[in-house]
Amino acid sequence: MQNQFVRDSMKIGCLLTLAFVALSLGAPELYGQEPITHKVPCGSIRIGVTSMNNSNRGVGGDCAPLEAAQLLADLNRAQPRVTVTSVVSEKSSPSTAAVTLEVLSTTSSSQRTASGAYDLHLFRDGQVVRLWPMVLDAGSDQELRANFASEISTWRRRHLISLVDGKKVITFHGVPLPQRKDVKSVIFTAYAFNSDRVKSATSPPFEYQLPVPRANTPRRAYVITVGVNANESHFNLEMAVPSAQRAGLLLAGELRNDYSEIHPIALYSNLAEDSAQVVVKNARKANLKAVLDLLAGRPISPRLRKLVDPDHVVRSATPDDAVVLYVASHGYMDPHGTFFLFPYDTGTSWGVSEASLSRCEIQMSRSAQCSKEEMFLEQSISSMELANWWSGIDAGELDMILDTCHSGAAPGKGFRAAPLGDPGLGQLSYDKRMRIVVAAQPAQTDRGEWIGGEGGRTLLVEALDGAKTSYPDAGMSEWFIRATRLAPLTEAKRYPDMKLEDVQAPQLLDFSKYQDQNE
């Protein structure tokens with residue numbers, strides 16, 4: 001999967017290069033003088049910074065003509081210039097640094113257009129650690145589905161860097177530094193975008209020698225497991241909680257090789273045995289957000305802290321730490337490709353189904369007939385919300401396992417592994433050098449089996465267990481790779497008459513060692 005992303009990114013780069021060459025040679029026929037509309041598969045197509053969106057999808061049907069993309073001839077090709085000018089240890093907290101950058105607007109000699117400056121990204125050792133401006137709400141689903149003119153206007157408004165005489169100096173305070181004895185230095189780089197979301201060149205690397213001596217800080221791993229067997233809207237499951245419990249044990253065992261402290265955080269909702277009575281209700285939307293807020297250093301209420309972290313073991317994550325999230329629940333992909341997780345507390349919305357959710361989303365209806373569906377999705381967890389909550393976590397190792405139906409949609413429709421500055425979970429995983437395991441393709445359901453007297457387990461957890469048993473010395477990336485390969489083989493063997501396209505196919509997005517993401 002990763003190699004396919006890389007090949008796609010290279011193709012995009014080649015297309016853009018050819019287009020810009022055509023512009024410079026005066027060959028407009030290569031890209032067309034007039035916007036062209038035609039029918040293509042539903043969804044969003046993005047080439048670099050141009051976008052065509054379609055929100056008129058019929059159920060299982062064709063798509064209406066797409067909005068015309070911005071012509072390359074009209075694209076602002078002037079690029080802002082970003083430089084890391086200084087990095088200094090902060091006296092109040094020697095484990096953090098103040099990083100100062102200079103952002104300059106430039107002007108294209110051919111277009112005579114100023115680049116402007118938007119959406120500054122600061123990286124430490126290739127992992128994004130700060131954004132300017134910091135946008136906690138990346139935009140509503142309706143805004144993200146809008147046509148290109150509306151989308152780019154919204155993006156400019158949210159990500160503008162206000163310049164004075166074409167320049168701005170920005171200092172990020174409190175940037176965490178590794179404290180491990182084996183790390184001698186870190187490298188800071190940065191980039192920004194112009195008014196049409198064309199990326200600047202990445203700044204020259206600024207190598208910062210870490211101060212010595214450093215405190216011998218323990219390395220901590222936080223293992224968050226979410227299992228949703230009970231749901232207020234009766235999207236109940238049987239295997240989510242036992243799968244989450246087993247996954248937590250497997251993950252903790254692997255992380256124990258590199259981290260001296262393992263902190264499990266369990267958020268479950270469950271039914272009493274052979275009963276419809278709900279006995280555990282902790283897998284709530286607000287509870288998951290609260291845990292991620294703590295790990296990102298954001299404040300939460302004392303009431304929530306008592307619920308999710310009564311012993312106060314959860315701290316703001318550092319570059320020496322790991323944060324791993326496993327979720328087993330119902331998942332849903334709406335007709336526009338947006339992915340949702342169903343926590344326990346989606347409301348007592350009797351009669352809501354995937355079919356009714358999709359019907360209301362297609363109609364974009366806010367009528368009384370769709371009020372239950374609208375409330376249900378507001379109380380669910382969208383992939384955009386999950387990305388926003390996760391974005392402030394500054395751990396050195398970040399892993400997410402989404403063991404749900406349709407979880408392949410979580411990275412976002414049309415996601416490409418490239419520094420495009422897009423919102424969403426896929427771009428965040430790329431920028432943060434994460435690993436994301438999804439249990440099923442966007443249109444697939446997630447399946448499981450009863451394992452002896454141990455209760456049910458999902459196919460993915462069964463594969464994780466089998467891969468770890470067969471390859472006990474495999475590191476996290478290799479373990480995930482082997483599990484995603486084992487799962488479809490196990491299912492195909494178990495159900496030999498199953499059609500190939502119906503075999504559940506987990507996938508791994510692994511950017512943990514991806515070196516060239518900022519170039």
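The values are calculated or read from the model by the stated rules, or taken from the named source; none is laboratory data. Everything quoted here is computed from the prediction, not taken from an experiment. No Cβ is skipped: glycine too gets one built from the backbone with ideal geometry, and neighbour counts run over all protein chains shown.
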Of residues in the range 391-428 being modelled with pLDDT under 95 and not in a loop (DSSP other than H, G, I, E, B), the one farthest from Met476 (Cα to Cα): Ala409
Top-ranked residue in the range 69-118 [being acidic (Asp, Glu) and either within 19 Å of Val129 (Cβ to Cβ) or part of a strand (DSSP E or B) (or both); ranked as modelled with the highest pLDDT]: Glu102
Extreme residue, nearest to the chain's Cα centre (by Cα), among residues of the range 471-504 that are in a helix (DSSP H, G or I) and of a type in the set (Gly, Ala, Ser): Ser477
Qualifying positions in the range 236-255 - surrounded by fewer than 21 Cβ atoms within 10 Å (Cβ to Cβ) and closer than 27 Å to Trp350 by Cα: Asn236, Glu238
Any pair with Cβ under 7 angstrom, 6 or more apart, that starts in the range 164-178 at a residue that is more than 19 Å from Pro211 (Cβ to Cβ) and ends at one that is of a type in the set (Asp, Glu) and loosely packed, with under 15 Cβ neighbours inside 10 Å: none
Enumeration of residues in the range 349-369 that are outside any loop (DSSP other than H, G, I, E, B), closer than 24 Å to Gly412 by Cβ and of a type outside the set (Gly, Ala, Ser): Glu354, Leu357, Arg359, Cys360, Glu361, Ile362, Gln363
Qualifying residue in the range 351-360 (condition: at pLDDT below 90, surrounded by fewer than 20 Cβ atoms within 10 Å (Cβ to Cβ) and either aromatic (Phe, Trp, Tyr) or under 29 Å from Val278 (Cα atoms) (or both)): yes
Residue that is farthest from Asn287 (Cα to Cα) [pool: residues in the range 216-269 that are in a loop (DSSP other than H, G, I, E, B), in contact (Cβ under 8 Å) with a residue 24 or more places away in the chain and polar (S, T, N, Q)]: Asn216
Selection from the range 291-323 of residues that are assigned to a helix (DSSP H, G or I) and surrounded by fewer than 15 Cβ atoms within 10 Å (Cβ to Cβ): Pro302, Arg303, Lys306
Selection from the range 133-177 of residues that are touching a Pro at 6+ places or on another chain (Cβ under 6 Å) and at pLDDT below 95: Ala138
Criterion violated by Thr346 - all others in (1) surrounded by fewer than 19 Cβ atoms within 10 Å (Cβ to Cβ); (2) assigned to a loop (DSSP other than H, G, I, E, B); (3) touching a helix residue (DSSP H, G or I) at 6+ places or on another chain (Cβ under 9 Å); (4) of a type outside the set (Gly, Ala, Ser) satisfied: (1)
Residues of the range 383-410 classified as surrounded by fewer than 24 Cβ atoms within 10 Å (Cβ to Cβ) and small (Gly, Ala, Ser), total: 5
Within the range 79-111, tally of residues that are within 17 Å of Pro176 (Cβ to Cβ) and hydroxyl-bearing (Ser, Thr, Tyr): 6
Residue count for the range 349-370, restricted to those that are in contact with a helix residue (DSSP H, G or I) (Cβ under 9 Å, 6 or more places away or on another chain) and among the hydrophobic types (A, V, I, L, M, F, W, C): 6
